[in-house]
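> Attaching a single structure in structure tokens format; questions to follow.
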Amino acid sequence: MNKRAGIGFYIFLVVFVFFVMFPFIWVFLTSIKPPGEIFNNFNWFTADPSLASYENAINNRPLLRYMWNSFVVSTLTTLIAIGFASIAAYALTRLPIKFKGLILGIILAASMFPQIAIISPIFNFITAVGLRNSYMGLVIPYITVSLPLAIWILSTFFQKIPWELEESAKLDGATPFQTFRKIIFPLAAPGVFTTGILVFIAAWNEYLFALTINTEDVWRTVPVGISLYQSQFTIPWGDISAATVLVTIPIVILVLIFQRRIVAGLTSGSVKE
Amino acid sequence: MKFQLNEKQLGYLMVAPALILVLLVTLWPVAQSFYNSLFDYRLNDPSRSERFLSSNVDLERYANEYFYLSRDLELLESQAPDGETADAAASIRTEIEGYHDSLITENGLEDQYAEVEEMLASFTAISDSELKYADIDNDLADDYKNYLDEAQAELTALADSTDSEEFATTAGNISGTLGTVDTTLIESNFIGFSNYQRYLTDGRMWQSMWNTLLFTIVSVGAELVLGLMIALLINRAFIGRGIVRASVLIPWAIPTAVAAMMWGFLYDGQTGIVAHYFEQFGLIDDASVLLSTGAGGMFSVIFADVWKTTPYMALLLLAGLQTIPGSLYEAAEVDGAGKWQQFWQITLPLLKSAILVALLFRTLDAFRVFDLIYVLTGGGPANSTESISIYAYITLFSQSNFGAGSVLSVIVFVSVAIISVLFIKFIGSDLFAGRSGR
């Protein structure tokens, strides 16, 4: 459908983008207001912008520590998931094994598992091995989410790599493992990278396991840490909006740089080519 | 000769680690959840903090109490003011020693008991539950517990009828110890399906199930309709695609908990701008309605979810739209089909599998909803936005009731399985067509 875009269309676009972005715009505008101004009025712009809320957000709670924790946990999760998943996805798409449909079915089913159904045994397990309040204590349960996701997306990407290259490698006497390392992996690298971003975002956003397993403040991740800014008596909206802006910035950067890849990864699992 | 795997064997070898890991972190915990749900299993109650299929003895505490008990019983006999009481005290001692001996010997616990006593003597805490607990015969445990009650009553009677103060004190001490010994003999907390019976007739369970279904159907429905409209509108060439794509991805990419905090601020009755504008435009009577009433709470949660996931839905559908060849529309135009007809005859049928897959993912996601509601309303006001996952979480971790909480977890799991099966029936094998290859 190659309709040309008229002026009405662009007006619609601007309104649409404005509505989608409105919460961010408002939260950003709030974060630069002096804390006293937040509760009195609904003015969009403040006369004297201040960074006081940002100072409070960082000083009242260990926000930077939360971000570091999230970063470490998400990176470890991504590396482990991609490592296992790329090997499995290669075999699933390229090697002549039986029960491919069944195995993919199991993996898809695993990715749809409700976390609440597995959290109590996982909690018991992590407690028993003494990994409460540690990075590995989160990385292990995150495999439940990340590994099926990674295998699912990677197998789509691997499927798209032309067979001819592989066949000629085989003729030249390469072993399957050599073919994987020298031919498939370099060709699949963009897909692997995309999968990595999606797994990273999924791990960064996880809430239920992080809430339950890492209960000490120094081990909390961003989503849990942010949700604890509200105290019982007051809700420091200034701190909260500043903290929100701070934790959203890395994601905005990630999205801006990799948006094409993210869209490719997201849609790969759902559309037949 | 060099050992060489053929391609097939190598394939299985490469799939195995990932598959085993996936099964280990999903199937095993689900099986455990199911097993837990058959017990009255509570982390905050020492006599129920493990799952006991048969009666059990907490040897650590038992050995400790028994040490004082046998000492005091001897003391009691020597303090007896007359022959009759001495006989009574002696008979209690013999009975208890008899039960103690059968408890240890009939269950073959001699070595374990000795080891526990040794550790107690050196003040070492016992953390190994294999050592700490031992299975015992159900009938013996019953008899022993019954006798402990009897002996307690007898001692109280003896203490009341005597004038000797020291005898009465010792008898009182023993009576107290007997009560403690009684708690170290733990009866099985296996309760079978009775927790299921309880929760399947529980009003709060059905209320949270209804909340979850309402949330799922309304938000996924709204996301589908809006997402489809947006996808149809932006499925054309225009300037600024990148900006639109990025602005659409950001709500999807930020953590749900962060989105929930933002919306909590926007809905707030005093400072929330969305609440303020809604009130100004007469959509609601008062700005506080959004978070302080049941209907307002449900609307708020759904609205925030629609905001966060419609863009994602639109992206999935847009990718589906872009695979429909333009020539089909040209042909339809030539045949004189209107826009509306084109939509119903071409777009929708060809988009069907993309829509169903997107619906499947979104429905399962929405049904499991936890963080959005937990952070935004906490399930309130008055449980009116409590989803089944939140109810399960509260039962599991706020009440430390792992048995009952597991029942709710299993209910969520079964519901998700039913939804998936229904969807897969509609989608059929399309889902795997692009992947399993030759």
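Readers should treat all values here as calculations from the given coordinates under stated rules, not as data from a laboratory. Since we're looking at a predicted model, the values are computed, not measured. Glycine gets a Cβ as well: all are built from the backbone with ideal geometry, and neighbour counts include every protein chain shown.
> Going from the alpha-carbon gyration tensor of the stretch A:155-241, what semi-axes, largest first and in whole Å, does one get by taking the root of 5 times each eigenvalue?
48, 13, 8
> What ranking do B:400-410, B:282-292, B:124-134 get when scored by the average of other Cβ atoms within 10 Å per residue, highest first?
B:400-410, B:282-292, B:124-134
> I've got another one for you. Please average, across the residues of A:27-34, the number of beta carbons from any other chain that are within 10 Å of each residue's own beta carbon, and give a whole number.
2
> Based on DSSP H runs of at least 4 residues, each adding -39500 (n - 2.57), what is the mean residue ellipticity at 222 nm of the protein assembly as shown after dividing by all its residues, to the nearest 500 deg cm²/dmol?
Result for the protein assembly as shown, helices only: -23500 deg cm²/dmol.
> Could you pull out the chymotrypsin sites (Phe, Trp or Tyr not before Pro) across the stretch B:241-303 that fall in loop regions by DSSP (anything but H, G, I, E, B) with no more than 12 other Cβ atoms inside 10 Å?
Filter output for the stretch B:241-303: B:PHE281.
> For A:LEU102 paired with B:SER49, estimate the spin-label separation in nm (one decimal), with each label point 7 Å from Cα along the Cα-to-Cβ line.
Once both label points are built, they end up 4.3 nm from each other.
> Rounded to the nearest Å, what's the spacing between the alpha carbon centres of the stretch A:184-252 and the stretch A:33-100? Just the number, please.
After rounding, the separation between the Cα centres reads 3 Å.
> Nearest 10 degrees, 0 to 90: what angle lies between the long axis of helix A:237-268 and the longest principal axis of chain A (Cα atoms)?
With both axes taken from Cα atoms, the answer is about 20 degrees.
> For the stretch A:7-54, what ratio Rg/Rh do Cα atoms give with a Kirkwood hydrodynamic radius?
1.15
> On to the next question. Taking all pairs of distinct Cα atoms, average 1/r, flip it, and tell me the Kirkwood hydrodynamic radius of the protein assembly as shown in Å to one decimal place.
One decimal place: 29.5 Å for the Kirkwood radius.
> Lys and Arg at +1, Asp and Glu at -1: add these up for the other residues within a Cβ distance under 14 Å of B:LEU290 and post the number.
Neighbourhood net charge equals -4.
> How compact and how long is the stretch A:62-228, expressed as Rg and Dmax of its alpha-carbon atoms in Å?
According to the Cα coordinates of the stretch A:62-228, Rg and Dmax are 18.3, 60 Å.
> Taking each residue of B:326-336 in turn, how many C-beta atoms of other protein chains fall within 10 Å of its C-beta, and what is the average?
That works out to 1 on average.
> Follow-up. Between B:ILE20 and B:PHE238, what is the FRET efficiency for a Förster distance of 56 Å, r being their Cβ-Cβ separation, to the nearest 0.05?
Once the sixth-power term is evaluated, E becomes 0.70.
> Which value, in debye to the nearest 20, describes the size of the charge dipole of the protein assembly as shown about its Cα centre when Lys and Arg Cβ atoms bear +1, Asp and Glu Cβ atoms bear -1, and nothing else is charged?
Charge dipole, the protein assembly as shown, about its Cα centre: 7180 debye, nearest 20.
> Within a Cβ distance under 15 Å of B:THR395, other residues only, what is the Lys/Arg minus Asp/Glu net charge?
That sum, taken over residues with Cβ under 15 Å, equals 0.
> While we're looking at this one, here's another question. Average projected area of the Cα convex hull of the stretch B:204-433, in nm²?
One quarter of the hull surface, i.e. the mean projection, equals 15.7 nm².
> Here's something else I'd like to know. In the structure displayed, which of A:LYS170/B:LYS352; A:LYS160/B:LYS425; A:LYS98/A:LYS160; A:LYS160/B:LYS339; A:LYS182/B:LYS352 lie more than 30 Å apart, Cα to Cα?
From A:LYS170/B:LYS352; A:LYS160/B:LYS425; A:LYS98/A:LYS160; A:LYS160/B:LYS339; A:LYS182/B:LYS352, over 30 Å: A:LYS170/B:LYS352; A:LYS160/B:LYS339; A:LYS182/B:LYS352.
> Averaged over its residues, how many other protein chain Cβ atoms are within 10 Å of peptide A:235-244's Cβ atoms?
Mean partner-chain Cβ count within 10 Å for A:235-244: 3.
> Same structure, new question: Which distance in nm do the two modelled labels at A:ILE11 and B:ALA337 give, with both placed 7 Å along the Cα-to-Cβ direction?
Simple spin-label model gives 3.1 nm for this pair.
> Shifting gears a bit: Near the amide H of B:VAL369, under 5 Å away, which other amide H atoms are found, from residues 5 or more places off or on another chain, if H is placed in the peptide plane?
Sorted by chain and number, the residues that satisfy this come to none at all.
> So, one more: Under DSSP H, which helices of chain B have Cα atoms covering 30 Å or more of the helix axis and a Kyte-Doolittle average no less than 0.5?
B:7-36, B:203-234, B:294-321, B:402-427
> How far apart, in nm, are two points set 7 Å out from the Cα along the Cα-to-Cβ line at B:ASP143 and at B:ALA114?
So the label points at B:ASP143 and B:ALA114 sit 2.5 nm apart.
> In sequence order, what are the phi-derived ³J(HN,Hα) couplings for the stretch A:97-112 according to the Karplus relation 6.51 cos²θ - 1.76 cosθ + 1.60 with θ = phi - 60°, rounded to whole Hz, with x for glycine and proline?
9, 8, 6, 4, x, 5, 5, 5, x, 4, 5, 5, 4, 5, 6, 9
> With no solvent and one equal point scatterer per Cα, compute the Debye intensity ratio I(q)/I(0) for the stretch B:336-422 at 0.17, 0.22, 0.25 Å⁻¹ and report its log10, rounded to two decimals.
-0.78, -1.04, -1.18
> Mind ranking B:306-318, A:156-168 by how tightly packed they are, going by the mean number of other C-beta atoms within 10 angstrom, highest first?
B:306-318, A:156-168
> If you don't mind, there's one more thing I want to ask. Given C-alpha coordinates of chain B, what is the ratio Rg to Rh with the Kirkwood estimate of Rh?
Over the Cα atoms of chain B, Rg/Rh equals 1.19.
> At a 10 angstrom cut-off on C-beta neighbours, averaged per residue, how do the peptides B:217-224, A:175-182 rank from highest to lowest?
In descending order of packing, they fall as B:217-224, A:175-182.
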